[in-house]
Each structure stands twice: as structure tokens, then as C-alpha cells.
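A short worksheet on the structure shown next.
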Amino acid sequence: MEIKKVIEDSDRYIMHTYSRFPVVLRKGRGIKVWSTTGKEYLDFLGGIAVNVLGHCHPKVVVAIQKQAQRLIHVSNFYHIEPQIKLAKLLVINSFADKVFFCNSGAEANEAAIKLARKYAKEHYDQNRFEIITALNSFHGRTLATLTATGQEKFQKGFEPLVPGFKYVPFNDINALQAAINQNTCAIMLEPIQGEGGINIPSDDYLKNVRELCDKHGLLLILDEVQTGMGRTGKLFAYEHYNITPDIMTLAKGLGGGVPIGAMLATEKVSSAFQPRTHASTFGGNPLVCAAAVATIEAVLEDGFVLDHCNRMAKYFMERLNQLKEYYHDRVIEVRGKGLLIAMELSRDGLPIVNACLERGILIGSAGGGNVLRFTPPLIVEKKDVDQLMDVLEDVMGKSL
Ligand SMILES: *Cc1c(COP(=O)(O)O)cnc(C)c1O
């Protein structure tokens with residue numbers, strides 16, 4: 001079918017919740033994807049931090065194929081082998097003792113919010129249900145997670161919102177302290193804000209947040225949906241800050257591309273959930289768990305992927321900083337941790353995103369649209385970064 005016709009059908013039959021680029025992607029391998037017209041792209045967006053191992057990683061593909069032949073779905077009324085294996089891997093490699101599986105980041109955060117409320121009501125009193133989140137945060141699109149999201153642009157039109165949320169500026173410990181009262185049950189944060197513009201807190205912020213939580217008996221919920229699974233150069237971003245949360249949520253990179261979310265907690269906190277308090281029909285389904293087991297095993301293998309991620313991140317940041325020197329009039333800042341990298345511009349980034357697409361590079365934007373977001377697969381190579389930089393230098397030279 002002609003590309004125009006395919007896009008016509010897409011516009012005709014699919015709800016217009018996205019403004020899409022006029023490209024139909026059909027095939028992917030490693031960091032490359034190909035469109036139906038045969039054009040090749042380097043994927044520096046990585047499905048928005050989903051494709052940590054690149055596209056169609058052989059180990060993930062084989063795991064899905066094998067599991068699809070054995071068992072695709074059964075109810076959580078029964079024990080499920082790949083689910084147990086995945087939970088064990090997550091527990092061994094994190095602060096957590098227990099895992100709840102669901103299907104997306106928003107659902108993982110919903111589960112975290114419900115667990116925090118239930119825990120606080122059981123351990124303190126019925127009025128203790130408020131959760132403090134950060135301005136410019138992003139926690140998802142369901143009503144509760146949309147309310148947790150500290151950005152009005154995502155909430156507009158969907159009022160009334162869910163009661164019990166309060167917002168403070170990110171990376172401002174005094175504002176957070178001032179917002180705590182006897183009704184507060186938890187503080188929910190992204191360790192590094194993704195959608196809000198790749199905002200990195202000062203080194204001691206999360207340590208101070210942890211101390212506040214301990215002092216007031218509050219739960220610390222870290223939303224690692226975007227920062228988890230090696231994205232920042234460690235398996236989980238909290239490891240950079242010498243703290244552990246009480247609850248952590250994962251999704252995006254967890255399944256190497258298949259839809260899966262997880263909410264992890266300590267033994268003490270997780271015991272507030274009992275049979276019939278929370279559930280998901282598909283959550284922890286054999287097929288997606290098999291894919292996630294293959295993904296996490298590949299990410300952790302000999303530390304190779306994480307070491308590589310850190311080496312590439314260093315090189316990538318150096319190159320971006322050189323570009324910033326050259327275009328200091330329009331680049332405000334280059335910042336990042338691991339391969340969660342942003343270049344903040346003094347103007348709208350969309351013309352650059354479009355020009356890169358034209359030249360065969362997929363990148364994203366974040367924040368107010370003036371932040372270019374780079375979340376490539378962790379297996380990205382130096383030559384890929386060089387190719388991106390050639391294009392970026394060129395399109396920025398055209399004074400976009
Ligand atoms: C993407 C994202 C979510 C939402 O995940 P979905 O799978 O789209 O529901 C939540 N939190 C953070 C930090 C995210 O980046």
C-alpha cells in the first residue's frame with residue numbers, strides 16, 4: 001500500500017491522541033529501524049527509553065518465541081514460572097523483597113499509590129492519605145497518576161482530579177519539608193525527571209528526602225519507569241544516591257519492548273496488600289515475563305551492557321558539550337546520567353527533531369518542547385553517536 005494511503009487509514013481509524021511523524025516503521029535491528037519506504041533510521045529515542053537492548057535483540061526474540069509455544073497466558077490464580085523467575089531476579093538485584101506485576105508505568109504507579117494509602121491507613125489513621133509529588137513530574141495518564149503528575153497541561157479537561165495530592169518544586173528540600181503534615185503518607189518522585197526535561201537533582205537531594213521520610217514515618221516511592229533497567233548507567237537510578245526507597249515502580253525498559261510494569265516494595269510495606277486487595281488480569285503474564293527475564297539477564301550479563309552504557313554516555317556528553325561550545329547562543333545546557341541525556345535549547349526543538357528525522361535520525365523532545373531528549377538503546381556505538389553528531393552539527397548550522 002502506498003504510504004499516503006496507510007497514513008490516511010491511520011488518521012481515519014486511530015484516535016488522534018498522538019501527533020505522529022509521517023513515517024511508518026516496519027522493521028528494527030539493534031539501534032536501526034526501517035520504514036515501509038525502505039529508509040533507514042538510527043533510533044536515538046529507543047521507543048522512549050523502552051528498547052534498552054535495541055530492537056529485536058536475539059535473546060529477547062528467542063525467549064518470546066519459546067514461551068509463545070509453551071504458554072502465553074494463564075490466570076494469576078495459579079503460580080507462573082517466568083513470573084517467579086523475574087520477581088526473583090528483580091529482588092536479588094534491588095532493595096525490594098516483593099514484586100507486583102502489571103502492564104504499564106501508569107499501572108505500576110497506581111499500584112504504588114494504592115499500597116502507600118493502604119499501608120498508612122493500617123499503620124496510622126484514616127486521614128493519612130496525602131502524597132506529595134514534584135512539579136514537572138510525570139507519572140502516567142490514568143486519573144490517579146495524572147493527578148500525581150505535577151503538570152497542569154496533562155490534567156486540563158479531566159477534572160475533577162483525584163483528591164490527596166500536593167506538589168512541590170523538584171530538588172527543593174525546604175519546600176518538601178514545609179509541605180509535610182499529619183495527613184501525609186508518602187513522597188513520590190522520579191529520581192531524575194524524564195518527561196519534565198531530564199532534570200537531575202543535586203547529589204544530596206534524595207538523601208535528604210529519605211531522611212525526611214524516616215523522620216515523619218512517610219513512604220518514599222521512586223518512579224523508575226524511565227530511569228530503571230540500566231538507563232542511567234546503574235540498574236536503578238537510586239543506586240547513584242546511596243539511598244533505597246520503600247516502593248519503586250518499573251515499566252518502559254523492563255520487558256525489552258513488551259508491555260510490562262512492576263511495583264516493588266520492602267517486605268514490611270508490601271504486607272499491606274493481601275489477597276483480593278489488588279490485581280491485574282494480564283499482570284505478570286508468562287509471555288511478557290519471559291521477555292523481561294531475557295532482557296534483565298542480558299543487561300546484567302558480566303556488567304558488560306552497563307559498562308558500555310557508561311562509556312558511551314561519557315563520549316556522547318563530550319560530543320554534545322563540544323556542540324554547545326560552538327552553538328552557545330542556542331544551547332543552554334547539556335545534562336544527563338548514563339544514556340538519559342538532554343540538550344536544552346533557547347528555542348523550540350521541533351524543527352531540529354524534524355530535520356533529524358529527514359536525515360535518518362530519531363530523537364525526541366521533553367520539557368516545554370525546547371529540550372532535545374536522547375534515550376538510545378544501551379548498546380549504541382561510538383559510530384552511531386558520530387553519525388548523530390554529524391547530522392546535529394549540520395542541522396543546527398542551518399540555524400533552526
Ligand atoms: C513513561 C512514564 C510513565 C508512564 O508509563 P506508561 O507505560 O506510559 O503508563 C510513568 N512514569 C514515568 C517516569 C515515565 O517516564
Report summary line: Computed from the beta carbon distance with a Förster radius of 41 Å, FRET efficiency for T281 and N127 to the nearest 0.05 stands at 0.80
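When a footprinting reagent is the concern and you count Cβ atoms within 10 Å, what order do M229, M396, M248 take, fewest first? If you can, show how the numbers build up before the last one.
Values: M229 27, M396 18, M248 30.
Listing M229, M396, M248 from fewest to most nearby Cβ atoms yields M396, M229, M248.
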Query raised in the report: Which parts of segment 69-105 would a label at F304 reach, counting a residue when its backbone N lies under 13 Å from a point 7 Å out along Cα-to-Cβ?
Result: none
**Report entry** Leading residue at positive end of dipole, the chain (Cβ point charges), from N109, I7, G368
**Finding:** I7
Query raised in the report: Rounded if a/c is under 1.5, else prolate if a/b beats b/c, else oblate: with a ≥ b ≥ c from the C-alpha gyration tensor eigenvalues square-rooted, which is segment 208-334?
Result: oblate
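Report the charge-dipole magnitude of segment 274-355 in Debye, nearest 20, computed about the Cα centre from +1 at each Lys and Arg Cβ and -1 at each Asp and Glu Cβ.
Working: 9 positive and 10 negative charges, 45 e Å.
So the magnitude is around 220 debye.
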Query raised in the report: Which whole-number percentage describes the relative contact order of segment 2-154, with Cα contacts under 8 Å and a sequence gap of 6 or more?
Result: 10 percent
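Calculate the FRET efficiency for R20 and E40 from the Cβ-Cβ distance with a Förster distance of 22 Å, rounded to the nearest 0.05. Walk me through the numbers before you get to the answer.
Values: r = 19 Å, r/R0 = 0.87.
Here the calculated transfer efficiency is 0.70.
Evaluate the charge dipole of segment 215-281 about its Cα centre and quote only its size in Debye, nearest 20, assuming +1 on the Cβ of each Lys and Arg and -1 on the Cβ of each Asp and Glu.
Working: 6 positive and 5 negative charges, 10 e Å.
Using Cβ point charges on Lys, Arg, Asp and Glu, segment 215-281 gives about 40 debye.
Give me R373, R117, R70, R359 ranked fewest to most by other Cβ atoms within 10 Å of their Cβ, as a rough exposure proxy. Intermediate values should be presented prior to the final figure.
Numbers: R373 24, R117 20, R70 12, R359 16.
Sorted ascending by nearby Cβ count, the order is R70, R359, R117, R373.
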Query raised in the report: When only C-alpha pairs under 8 Å and at least 6 residues apart count, what is the relative contact order of segment 184-300, in percent?
Result: 21 percent
Query raised in the report: Which ordering of T281, T227, T244 is given by a fewest-first count of other beta-carbon atoms within 10 Å?
Result: T281, T244, T227
Query raised in the report: What spacing in nm lies between the two simple spin-label points modelled at E2 and E333, each 7 Å away from Cα in the Cβ direction?
Result: 4.9 nm
Query raised in the report: Between Y315 and K207, how many nm apart are label points set 7 Å from Cα along the C-beta direction?
Result: 3.3 nm
Query raised in the report: Roughly how many nanometres apart are two label points built 7 Å out from the Cα toward the Cβ at D172 and E81?
Result: 5.4 nm
Query - Where only C-alpha atoms are counted, convex hull volume of segment 104-175 per residue in Å³ - result: 93 Å³
**Report entry** Computed over the chain: relative contact order in percent, which uses C-alpha pairs under 8 Å that are six or more apart
**Finding:** 22 percent
Query - Positive dipole terminus of the chain, leading residue within G38, I352, G54 (C-beta point charges) - result: G38
Query raised in the report: Considering the dipole of the chain built from charges on the beta carbon (Lys and Arg +1, Asp and Glu -1) around the Cα centre, which of Y326, T281, I92 is farthest to its positive end?
Result: T281
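How big is the dipole moment of the chain about its Cα centre under a simple scheme where the beta carbon of each Lys and Arg is +1, that of each Asp and Glu is -1, and everything else is neutral? Debye, nearest 20, please.
Values: 45 positive and 44 negative charges, 175 e Å.
Result for the chain is approximately 840 debye, rounded to the nearest 20.
All of the numbers you see were taken from the coordinates with simple rules; none came from a lab. Because the structure is a prediction, the values reported are computed rather than measured. Methodologically, a virtual Cβ is constructed for each residue, glycine included, from the backbone with ideal geometry; neighbour enumeration extends over all protein chains shown.
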